[in-house]
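Visitor: Okay, handing you the structure first.
The values are calculated or read from the model by the stated rules, or taken from the named source; none is laboratory data. Only a predicted model underlies this, so the values are computations on that prediction, with no experimental measurement involved. Reconstructed Cβ throughout: ideal geometry from the backbone, glycine too, with neighbour counts over all protein chains shown.
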Amino acid sequence: MKAAGSEKDYVIRVFDDPAVIDAVAWDSLLAAAPNGTPFMQHAYLLALHRSASAVAETGWLPQFLAVFERDTLIAACPLYLKDHSYGEYVFDWAWADAYQRHGLSYYPKLLSAVPFTPVPGPRLLARDDAARRVLLRAMQQFAREAKLSSAHVLFLNEADQQAARDEDWMMRSTVQFHWTQRDEAPWLDFSAFLASMQREKRKKIQQERRRVNDAGVSLVELEGPQIALEDWDFFYRCYCQTYREHRSTPYLTRDFFTRMAATMPANWLLFIALKDGERVAASLVCIDPDRKAAFGRYWGALAHIPCLHFEACYYRPLAWCIANGYVRFEGGAQGEHKMARGLLPVQTWSAHWLAHPQFAQAVSDFLEREGEGVAGYLDELNDRRPFKA
């Protein structure tokens, strides 16, 4: 395949197994990308595939794109054929319903994303902006040739956003909540962080933490190789319990976490809660020691203890980040309640291309209206920041 409209003839290849792509070359592109995250590492994406978490049988058929100049990998992206919209966190169910009402098929669609991972970062790994745009053109060409309804790129960084806009993709925004260390007068510990908050917010956090302590619950933290097999087993039991309570099925298999422990051990931080000497809950955080960023990922509890979720998923991870010199903690998708706990609103972006002209125009009109609503929502949130003036 050649990239349509490109100045050079690049060789574009599609792989149904990420293992075929050279891991060193992939990770070199990631290392050079702005705002990289561990979730785009070759080992992470390969583990999703090898563990049967993101595979054709679960509705994620890998079709990874790779762009070569001679024998050199100059651009690549995770790409999947999807026959549903689960595990994406950018919701297009209404678009699929509209297609169905008009007798058209929305699925399968083409999706560039990290499965089950709503973390902003690079999706179009590329040597330069021109190579990023080649990836986007290749996606469109792929979609046209396969007669697919659409192509989508989720949770892009700024470089990817600009490339998508330059290629006339439609842009969609949503809101997440992230904690960022102050540049001036950085917080030295969690107490200093609390002291900078408005009195009512500070008091509420103190009350929540006291309830956990009064319940006789303590938390231990395990970092990297300190997480033993039995710790991973207990965490996975809690993780599955969360899905059971929501009458759902876990996206990730136990084998995925086995692979994480083996191939990316330095990227994990586990909090385990104990009551009367018994383990009752666990919270797993992904950490990036190089970029000093942390990402709240998974939580589960075997017993209901009021406020323990806040302690294990926000307060202890934040305290750990401050103590260890981390500058960012991302709390995951959605959740306005995170703002009262010191995580501030951040706009995130996705890019979309639809093959059907009339549907593309309808979605474009919808996104314009939706974007105005998101902008107003951000203004409202920023007026309610929890910190002192």
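Visitor: Looking at the range 42-62, which of the residues that are assigned to a loop (DSSP other than H, G, I, E, B) and out of contact with any Asp or Glu (no Cβ under 6 Å at 6 or more places or on another chain) is farthest from Trp268 (Cα to Cα)? So that I can check it myself, show each step before the final result.
Guide: Narrowing the range 42-62 to residues assigned to a loop (DSSP other than H, G, I, E, B): 51-55, 59.
Next cut, out of contact with any Asp or Glu (no Cβ under 6 Å at 6 or more places or on another chain) only: 52-55.
Values: Ala52: 21, Ser53: 19, Ala54: 20, Val55: 24 Å.
Looking at the filtered set, the residue picked out is Val55.
Visitor: OK, next. Taking into account only those residues within the range 127-140 that are surrounded by fewer than 24 Cβ atoms within 10 Å (Cβ to Cβ) and small (Gly, Ala, Ser), which is nearest to Pro78 (Cα to Cα)?
Guide: Applying the filter and picking the extreme gives Ala131.
Visitor: Okay, moving on. Please verify whether the range 23-32 includes one or more residues that are part of a loop (DSSP other than H, G, I, E, B) and in contact (Cβ under 8 Å) with a residue 12 or more places away in the chain.
Guide: The initial filter retains those residues of the range 23-32 that are part of a loop (DSSP other than H, G, I, E, B), namely none.
No, that holds for no residue.
Visitor: For the range 213-270, which positions are in a loop (DSSP other than H, G, I, E, B), in contact (Cβ under 8 Å) with a residue 24 or more places away in the chain and more than 22 Å from Glu57 (Cβ to Cβ)?
Guide: Ala215, Gly216, Ile227, Met264
Visitor: Condition first: assigned to a strand (DSSP E or B) and in contact with a Lys or Arg (Cβ under 7 Å, 6 or more places away or on another chain). Now tell me which residues in the range 333-348 satisfy that.
Guide: Of the residues in the range 333-348, the ones assigned to a strand (DSSP E or B) are 333, 344-348.
Result: Leu344, single match.
Visitor: Among the strands (runs of 3 or more DSSP E) contained in the range 63-162, which hold 3 or more residues that are over 24 Å from Asp22 (Cα atoms) and touching a Phe, Trp or Tyr at 6+ places or on another chain (Cβ under 9 Å)?
Guide: Ranges flagged: 150-154.
Visitor: While we're here: Quickly run through the range 120-175 and pick out the residues that are of a type in the set (Ser, Thr, Tyr) and within 20 Å of the chain's Cα centre (by Cα).
Guide: Those that are of a type in the set (Ser, Thr, Tyr) and within 20 Å of the chain's Cα centre (by Cα): Ser173, Thr174.
Residue-by-condition table, conditions (1) of a type outside the set (Asp, Glu); (2) modelled with pLDDT of 95 or more:
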{"residue": "Ala195", "(1), (2)": "yes, yes"}
{"residue": "Arg211", "(1), (2)": "yes, yes"}
{"residue": "Glu221", "(1), (2)": "no, yes"}
{"residue": "Pro225", "(1), (2)": "yes, no"}
{"residue": "Asp233", "(1), (2)": "no, yes"}
{"residue": "Arg247", "(1), (2)": "yes, no"}
{"residue": "Thr263", "(1), (2)": "yes, yes"}
{"residue": "Asn267", "(1), (2)": "yes, yes"}
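Visitor: Also, quick follow-up: List, please: which pairs have Cβ atoms under 9 Å, are six or more places apart or on different chains, and start with a residue in the range 326-338 that is among the β-branched types (Val, Ile, Thr) and end with one that is outside any strand (DSSP E or B) and surrounded by 20 or more Cβ atoms within 10 Å (Cβ to Cβ)?
Guide: Hits for this filter: Val327/Cys321.
Visitor: For the structure I just gave you, tell me whether Cys313 is outside any strand (DSSP E or B) and either modelled with pLDDT of 95 or more or surrounded by fewer than 18 Cβ atoms within 10 Å (Cβ to Cβ) (or both).
Guide: Working: outside any strand (DSSP E or B): yes; either modelled with pLDDT of 95 or more or surrounded by fewer than 18 Cβ atoms within 10 Å (Cβ to Cβ) (or both): yes.
Yes: the conditions hold for Cys313.
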